[in-house]
There are 6 protein chains.
Amino acid sequence: MPMVTVTRRLKFNAAHRVHNPAFSDEENSRTFGKCNNAYGHGHNYTLDVSVAGEVDPNTGYVFDLSRLKELVTREVVDAVDHHNLNIDVPFMRDVIPTAENMIVQFWRILEGKIAPGRLVRLVLWETENNYVEYDGR
Amino acid sequence: MPMVTVTRRLKFNAAHRVHNPAFSDEENSRTFGKCNNAYGHGHNYTLDVSVAGEVDPNTGYVFDLSRLKELVTREVVDAVDHHNLNIDVPFMRDVIPTAENMIVQFWRILEGKIAPGRLVRLVLWETENNYVEYDGR
Amino acid sequence: MPMVTVTRRLKFNAAHRVHNPAFSDEENSRTFGKCNNAYGHGHNYTLDVSVAGEVDPNTGYVFDLSRLKELVTREVVDAVDHHNLNIDVPFMRDVIPTAENMIVQFWRILEGKIAPGRLVRLVLWETENNYVEYDGR
Amino acid sequence: MPMVTVTRRLKFNAAHRVHNPAFSDEENSRTFGKCNNAYGHGHNYTLDVSVAGEVDPNTGYVFDLSRLKELVTREVVDAVDHHNLNIDVPFMRDVIPTAENMIVQFWRILEGKIAPGRLVRLVLWETENNYVEYDGR
Amino acid sequence: MPMVTVTRRLKFNAAHRVHNPAFSDEENSRTFGKCNNAYGHGHNYTLDVSVAGEVDPNTGYVFDLSRLKELVTREVVDAVDHHNLNIDVPFMRDVIPTAENMIVQFWRILEGKIAPGRLVRLVLWETENNYVEYDGR
Amino acid sequence: MPMVTVTRRLKFNAAHRVHNPAFSDEENSRTFGKCNNAYGHGHNYTLDVSVAGEVDPNTGYVFDLSRLKELVTREVVDAVDHHNLNIDVPFMRDVIPTAENMIVQFWRILEGKIAPGRLVRLVLWETENNYVEYDGR
């Protein structure tokens, strides 16, 4: 059977401040610029979740995308949507809330929960002009 | 001379919490839902600034858009970009930081500063699915 | 109080065939071209619903957009989403299912149901390259 | 009958140099900045042509959009697409090739050719961040 | 010579009903939800066709994209555009018309027809929020 | 440490004429069609620069994207933005200014300048409907 990759796009809004508590204020400001502003800022994030697998001849699906949407919403999006990534997102507590660290945490949460099919790629857009991607390596 | 309207689009990122300090916690939560979450969330905002005027035969311009970009950046965008609308944006201090109140404040700041040409419309997108517009009335 | 216009964007998918039952086959084909193909085709429609009103000082809202989304979903989107506009959408039964006729029917359904605030504009995109708008006149 | 406005979006690519032959080199450079660079630059333009009219009960159309596309392509787009606005577009010869002057020329060409229906608005995007609009006044 | 991948994006509109004739009505409804609605719905599909190859020093091209557009339009797009995927698209007759099955059929049709250059990836967007991709494996 | 790929999108406007000086006029016209028009045309180009690397635990970054933006602007974008690719872009002088040749030249310029992190992919959009990608092979 052919191996096809299917992707579901989800969106969420969150606040964050790029800040390393181990740095001095001056070091934080020099390293992160305006992304370190004291009271935070925020983004409309876009997350693409890609799952690869054989096409099931009974459904024509690799993975039912409405089920994938529910799964990712419940496991990841509900935890970050309309939240502050520095304060009230448990799985972000010990890392600096950059898109890089977000996507790795998202992967760890989702990795074991996709079956049939295999999680093969996450893409996270922070603005229209920058995004990060991760494939588990 | 023909009257043409020219528009410059600008973007900024900000955090906010939709919250009325005069409401009880319960009333805030009931009225604003997840937009009232305690530690805020944020957006990639898109602002369209429209200026109408006659086309200057010497330049072919109604209003030099690079100058409009500088003016709006200096007067409005720098004050909100990478800031928290509830805390560190002086002109938002006495209003609930909804897109409606933002656009009215932006208008008041920009209105008298556009010449030649006349400010005729502001559009502010909060997400890809909702926006507000104001023409000074 | 300032009058602001707020817009909520909604999406739906539907099938249609542009066909006038009073025309001959040949006349239908000549008038509507491939849009008249016998078994129908379909679109991802985008609907922008705009409501104008004064900003409520207690909420900073003209009209709660999550309530607007629910209202338009219940009254309009649920009736057309994943349906065939020629067959199983009651309010489209007596008109040719063009975007023009769709938007007028949508207006008639929504017009009396928006308060506070006043329905001022509907925009309906059929593809990325064509859209129609209506303001009730 | 209800009055609906229908819009067809078209795209074209063109080169231009924003330059006033009556200015000195220094004056051109100061006024137009990098848009005055000697050998020109270019854009992917997007043009929205809007026509208002009553919905024809026999077709459900205000104006057949495939016919509108043909008309605008023939009258306007073919003249500018893959051309240099300073050199080989006859109707741009006597004006500085800004978006403002382009849209006024487009209007003059199209105005008398739309019937049934009335040309009510042109919008011309030069980049994703700036556009001009004209309604014939 | 460097190996570059070039992509041409094409669009088409089609109706479909996600339905397995071997299932009971109840099983179809439970498996496919509203995508199984009796009279079908439809989409504006976007197809990205990617071809890899060495850059020809005489043309600067890997594959002339206007020729690629013609080829894909003739072989694939014309067969599905403004058609019903369940009824009048010969190569879709024996499969459930999901995006997964569509992209595999498209690949089989196009695979042997691209030369010089090698078909390396197809991406098919069904809505703005979901897409599938296939590379022939 | 996890390996994440980060991407910064940049935009520029340029004029070009697809033309091979070694071809006859007739051969140029037959090969390149309207892209060979004598006085050039132009595009709004979009360039995505992707860098892979381990996430630095001190910053949460693979590569500071504001620094990447500055670097690519200085090394590549400033040379092409608002310029004519056939005439006044030194590194394009000896190649036909197609997107394929542009992306290979961009790679050669940027390849050795990205550290920490490794340049892994460039994508160059010429219009909304065609793009090229290159990974250095």
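The values are calculated or read from the model by the stated rules, or taken from the named source; none is laboratory data. Only a predicted model underlies this, so the values are computations on that prediction, with no experimental measurement involved. Methodologically, a virtual Cβ is constructed for each residue, glycine included, from the backbone with ideal geometry; neighbour enumeration extends over all protein chains shown. The accessibility values were calculated without ligands, DNA or RNA, using every heavy atom of the protein model including side chains. Shrake-Rupley method; radii C 1.70, N 1.55, O 1.52, S 1.80 Å.
Which residues, taken from the range A:123-137, are surrounded by fewer than 17 Cβ atoms within 10 Å (Cβ to Cβ) and farther than 15 Å from F:Leu10 by Cβ?
A:Asp135, A:Gly136, A:Arg137 - these are the residues of the range A:123-137 that are surrounded by fewer than 17 Cβ atoms within 10 Å (Cβ to Cβ) and farther than 15 Å from F:Leu10 by Cβ.
For the range A:4-21, which residues satisfy the criterion of being in a strand (DSSP E or B) and either within 16 Å of B:Asn13 (Cα to Cα) or within 14 Å of chain B (Cβ to nearest Cβ) (or both)? Don't jump to the end; show me each part of the working.
From the range A:4-21, those in a strand (DSSP E or B) are A:4-16; that's our starting set.
Residues satisfying the conditions are A:Arg9, A:Leu10, A:Lys11, A:Phe12, A:Asn13, A:Ala14, A:Ala15, A:His16.
Just wondering, is there one or more residues in the range A:40-56 that are among the small types (Gly, Ala, Ser) and closer than 23 Å to B:Tyr45 by Cα?
Yes: the range A:40-56 contains one or more residues that are among the small types (Gly, Ala, Ser) and closer than 23 Å to B:Tyr45 by Cα.
Could you check how many residues of the range F:60-101 are closer than 21 Å to A:Tyr131 by Cα and either in contact with a strand residue (DSSP E or B) (Cβ under 6 Å, 6 or more places away or on another chain) or open to solvent by less than 10 Å² (accessible area, probe 1.4 Å) (or both)?
Total satisfying the criteria: 9.
Mind checking whether some residue in the range E:18-34 is within 17 Å of the chain's Cα centre (by Cα) and open to solvent by less than 40 Å² (accessible area, probe 1.4 Å)?
At the first step, the residues of the range E:18-34 found to be within 17 Å of the chain's Cα centre (by Cα) are E:18.
Next cut, open to solvent by less than 40 Å² (accessible area, probe 1.4 Å) only: E:18.
Yes, some residue in the range E:18-34 is within 17 Å of the chain's Cα centre (by Cα) and open to solvent by less than 40 Å² (accessible area, probe 1.4 Å).
Go through (1) touching a strand residue (DSSP E or B) at 6+ places or on another chain (Cβ under 9 Å); (2) modelled with pLDDT of 95 or more and name the single condition D:Pro116 misses.
Tallying (1) touching a strand residue (DSSP E or B) at 6+ places or on another chain (Cβ under 9 Å); (2) modelled with pLDDT of 95 or more, D:Pro116 fails exactly one: (2).
Take the residues in the range C:103-122 that are more than 9 Å from every other protein chain (Cβ to nearest Cβ) and among the aliphatic types (A, V, I, L, M), then tell me which one is surrounded by the fewest Cβ atoms within 10 Å (Cβ to Cβ). Spell out how you get there, then give the answer.
Narrowing the range C:103-122 to residues more than 9 Å from every other protein chain (Cβ to nearest Cβ): C:105-106, C:108-122.
Adding the requirement that they be among the aliphatic types (A, V, I, L, M) leaves C:109-110, C:114-115, C:119-120, C:122.
Details: C:Ile109: 13, C:Leu110: 19, C:Ile114: 19, C:Ala115: 10, C:Leu119: 21, C:Val120: 17, C:Leu122: 25.
The qualifying residue surrounded by the fewest Cβ atoms within 10 Å (Cβ to Cβ) is C:Ala115.
Collect the residues in the range F:44-86 that are within 15 Å of the chain's Cα centre (by Cα) and either among the hydroxyl-bearing types (Ser, Thr, Tyr) or modelled with pLDDT under 95 (or both), keeping them in residue-number order.
Result: F:Tyr45, F:Thr46, F:Ser50, F:Thr73.
Answer yes if at least one residue in the range D:20-36 is in contact with a helix residue (DSSP H, G or I) (Cβ under 6 Å, 6 or more places away or on another chain) and more than 20 Å from B:Leu65 (Cα to Cα), and no otherwise.
no
Cβ-Cβ below 9 Å, separation at least six or inter-chain, first residue in the range B:14-40 and in contact (Cβ under 8 Å) with a residue 40 or more places away in the chain, second open to solvent by 40 Å² or more (accessible area, probe 1.4 Å) and of a type in the set (D, E, K, R): which pairs?
Pairs found: B:Ala15/A:Arg17; B:Asn20/B:Glu27; B:Gly40/B:Arg17.
Being among the aromatic types (Phe, Trp, Tyr) and surrounded by fewer than 21 Cβ atoms within 10 Å (Cβ to Cβ) is the requirement here; does D:Phe12 meet it? Spell out the reasoning first.
Working: among the aromatic types (Phe, Trp, Tyr): yes; surrounded by fewer than 21 Cβ atoms within 10 Å (Cβ to Cβ): yes.
Here the answer is yes, as D:Phe12 does meet what is asked.
Note down all Cβ pairs under 8 Å where the first residue falls in the range B:89-118 and is without any contact (Cβ under 8 Å) to a residue 24 or more places away in the chain, the second is open to solvent by 10 Å² or more (accessible area, probe 1.4 Å) and in a loop (DSSP other than H, G, I, E, B), and they're at least six residues apart or on different chains.
B:Met92/B:Asn86; B:Asn101/B:Val95; B:Gln105/B:Val95
So which of A:Gly136, A:Gly40 ends up being small (Gly, Ala, Ser) and within 14 Å of chain B (Cβ to nearest Cβ)?
On the way: A:Gly136 fails: within 14 Å of chain B (Cβ to nearest Cβ).
Step by step, each of A:Gly136, A:Gly40 is checked, and only A:Gly40 is small (Gly, Ala, Ser) and within 14 Å of chain B (Cβ to nearest Cβ).
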